[in-house]
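What follows is a short report on a single structure.
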Amino acid sequence: MADLDLDFVRSRFPAFDEPSLQGQAFFENAGGSYTCAPVIERLKTFYRRRKVQPYGPYAASRDAGEEMDTARTRLAAWMGVQPDEVSFGPSTTQNTYVLAQAFRGFLSPGEAIIVTNQDHEANSGPWRRLADAGIDVREWKMNPDTGALDIETLEAMLDENVRLVCFPQCSNVVGQINPVSEITAIAHAAGAFVCVDGVSYAPHGLLDIEALGPDIYLFSSYKTYGPHQGVMVVRRALADLLPNQAHYFNADVRYKRFTPAGPDHAQIAACNGMIDYFEELAAHHGGAGLQPRAKAALVHDLMRDQETRLLQPLMEYLGARDDIRVLGPQAPESRAPTVAIVPTGDPRSIASALAARGIMVSAGDFYAVRALQALGIDPDRGVLRISFVHYTSPEEITQLITALEDTL
């Protein structure tokens, strides 16, 4: 496989040509990525030409609806699922809350769900609230030393009462990539459905959901170079079992069943721009003739290979210091490029000092309060989190390490 053409990649992100951002290196990507040019163009086109009620008989309305439908169809093809299994909502947090309400009506008192303390609160809190309805909420606890989710711990928790297992593909503070296929197979064998929070992993390449196997997969398009939307996949077999959460007359339309509010037409249409960019990336690297799922695999591998190379010098630098604690695994291959550290100094003060050196990074609890507490970290103090994606350059990694050396 050819190496990622970084010059081509960065040419497709207007932020790198923005004068106000020159000289600054962006290391807050886990909170939201830069938007690619095709998404921006799609938004501009929609607001200029199609900002009408979609699905009407006139041209502007018809085109608006078609562009929205195309976004759903193209995303589904890249993830190996059916178009009616893909829904859009205002955020992943909101989508998860709606799904939890559907499960509230589906589960019976005494039945169980499993959540983790490794999650962002979005994939933990809504499920935990089902305890108010008599649901047995069980917590799959991280290893307090490593932050890892041990498979043996999950297996000991599964029994005939467990109906749902919820876990992140990758924690937004621990960074370790969890084995989704293995966990899903174990949960399915025990008779449970599976919900995977892919928000922290999807920016590093969309994966084949059919191959991974979960019944629910959630991610945020504003972290995958697109508009501010939450994208959720709910497989047909589960979607048809859960009670409708939308208007009663939309109950027979799968992709509407879990979106009770009216969708953001322009942002859904603009999600086409994400696939436009991924298509460009695949074509530029020799994959123009591949089918969507194969293109998705190519783009994922290009991104991950680039990120793993860039992680190596950063992890070596951080690992050599004895005055900080690095959360998650040391090996770049085992983690996403989201690295939380516990410094001896105040994380927020260090973030401010880094900002003065052109490093855009943040500190805090990042809505992973339970995870930090489980690791013995005071959430009020928080951690310093460094996160990057495939468009980050080696020069920016060097700039980061130099700035860290001056501030830690």
When Rg is the radius of gyration of the Cα atoms in the chain and Rh is its Kirkwood radius, what does Rg/Rh come to?
0.96
Considering the chain, which cysteines have no disulfide-compatible partner, defined as another cysteine with its Cβ under 4.7 Å away?
C36, C170, C271
When you take every Cα atom in segment 43-275, what is the radius of gyration, and what is Dmax, the widest Cα pair distance, in Å?
18.0, 61
Using a simple spin-label model with points 7 Å from Cα along the Cα→Cβ vector, what separation in nm is obtained for L6 and R129?
4.4
Sparsely packed GluC sites (Glu not before Pro) within segment 159-247, loop by DSSP, other Cβ within 10 Å at most 16
E160
Could you work out [θ]222 nm for the chain from helices alone, using -39500 (n - 2.57) per DSSP H run of at least four and dividing by all its residues? Round to the nearest 500 deg cm²/dmol.
-12000 deg cm²/dmol
Percentage relative contact order, the chain, counting C-alpha pairs under 8 Å, at least six apart
23
When only C-alpha pairs under 8 Å and at least 6 residues apart count, what is the relative contact order of segment 43-275, in percent?
26
Measure off 7 Å from each Cα along the Cα-to-Cβ vector at F106 and Q330, then give the distance between these two points in nanometres to one decimal.
4.3
Counting only heavy atoms of the protein chains, get the accessible area per residue of the chain (1.4 Å probe) and round it to a whole Å² value.
39
Using modelled backbone amide H atoms (1.01 Å from N, in-plane), which distant-in-sequence or interchain residues come within less than 5 Å of S387's amide H?
E28, N29, A30, V339
Could you please state how large a percent of the accessible area of segment 43-275 is carbon and sulfur, counting protein chains only and using a 1.4 Å probe?
50
Under a crude label model (7 Å from the Cα following the beta-carbon direction), how far is H228 from S181 in nanometres?
3.7
Qualifying aspartates and glutamates (Cα of each under 18 Å from Cα of K51; at least 8 residues distant if same chain)
E41, D63, E66, E67, D69, D264
Would you list, by chain and number, the lysines whose Cα falls below 29 Å from the Cα of K295, excluding same-chain residues fewer than 8 positions away?
K44, K223, K256
Beyond 28 Å, what percent of the Cα pairs of segment 176-321 remain?
31
For segment 116-147 and segment 260-320, distance of Cα centres in Å
29
Cleavage-rule hits, trypsin sites (Lys or Arg not before Pro), segment 272-344, DSSP coil, Cβ neighbours within 10 Å at most 16:
R321
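Between I401 and Y248, what's the calculated FRET efficiency when r is the beta-carbon distance and R0 is 45 Å? Round to 0.05.
Numbers: r = 57 Å, r/R0 = 1.27.
For I401 and Y248, the calculated efficiency is 0.20.
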If you take every DSSP beta bridge fully contained in the chain, what fraction is antiparallel? Give it as a percent rounded to 5.
50
Enter the per residue convex hull volume of segment 251-301, computed from alpha-carbon coordinates, in Å³ rounded to the nearest integer.
103
Could you tell me the accessible area of Y97 in Å² (1.4 Å probe, neighbours in place), rounded to the nearest ten?
90
Quick one: which of 125-138, 265-278, 377-390 comes out on top by average Cβ neighbours within 10 Å, and what's the full order, highest first?
265-278, 377-390, 125-138
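The values are calculated or read from the model by the stated rules, or taken from the named source; none is laboratory data. The shown structure was predicted, so the numbers you read here are calculated from the model rather than taken from an experiment. For neighbour counting, all protein chains shown are included, and Cβ atoms are generated from backbone atoms with ideal geometry for every residue, glycine included. Note: areas computed on protein heavy atoms with side chains; ligands, DNA, RNA excluded. Shrake-Rupley method; radii C 1.70, N 1.55, O 1.52, S 1.80 Å.
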